[in-house]
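Each remark here refers to the structure printed beneath this line.
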Amino acid sequence: MKFKLIFFMVPLLALLYVAGCTNSSTEILKPPNLIISVDGNTIHPAVGTYSWSRENSDGTSTAIHADSDAPPGLVKDQEPFIVTPSSEMTFDFETPPTKYEIRTWDEDYNVTGTFDKLDLSEHEGTNIFEVLAHWEQGTASYAFLLRVK
């Protein structure tokens, strides 16, 4: 009887020890949210492809790479947000990136321009925009659709 108890307890204790030594974290690996403000209105862009990582307390790192469709595919079923050529747009990141750029896309999945700032007067009509942001922890893409008229 004593042998059966030891035979059962040793593996159980070993399992509990190993489970206690793992460095599991409930922190979700994802980039910061982006909220776009235009003329007092808010746009929540679609999150596209991103790569994100974090350093663990034991010196290792944890990373994720999430692929998505390109910006034209992400916004194809959305109604464009209507703005004027003189509208002012601001990008409010949950955590500010080290840098970002704005890209325009056509429906054929081609990048048609890359900008540091967005001057809406140069984009009459319906436009697919991507904000590509960079942080120390990774890179993220955000897509939205505007109609400038």
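Just so it is clear, none of the values below were taken in a lab; they were calculated from the coordinates. Computed from a predicted model, the values in this text were never measured in an experiment. Every residue, glycine as well, gets a Cβ built from its backbone with ideal geometry; the counts of neighbours run over all protein chains shown.
For the reader, a short list of remarks on this structure follows.
- Scoring 107-119, 78-90, 127-139 by mean Cβ neighbours within 10 Å over their residues and listing the highest first yields 127-139, 78-90, 107-119.
- Residue separation of TYR109 and ASP92 scaled by 0.36 nm, minus their Cα-Cα distance, works out to 3.5 nm of gained length.
- Local net charge near GLU130, Cβ-Cβ under 11 Å (Lys/Arg +1, Asp/Glu -1): 0
- One way to sum up the overall shape of region 24-148 is the equivalent ellipsoid from its Cα gyration tensor, whose semi-axes run 29, 15, 12 Å, largest first.
- Reachable aspartates and glutamates, given that their alpha-carbon falls under 16 Å from the alpha-carbon of LYS99 and they are not under 8 places away in the same chain: ASP116, GLU130, GLU136
- For region 84-149, fraction of C-alpha pairs farther apart than 17 Å, in %: 42 percent
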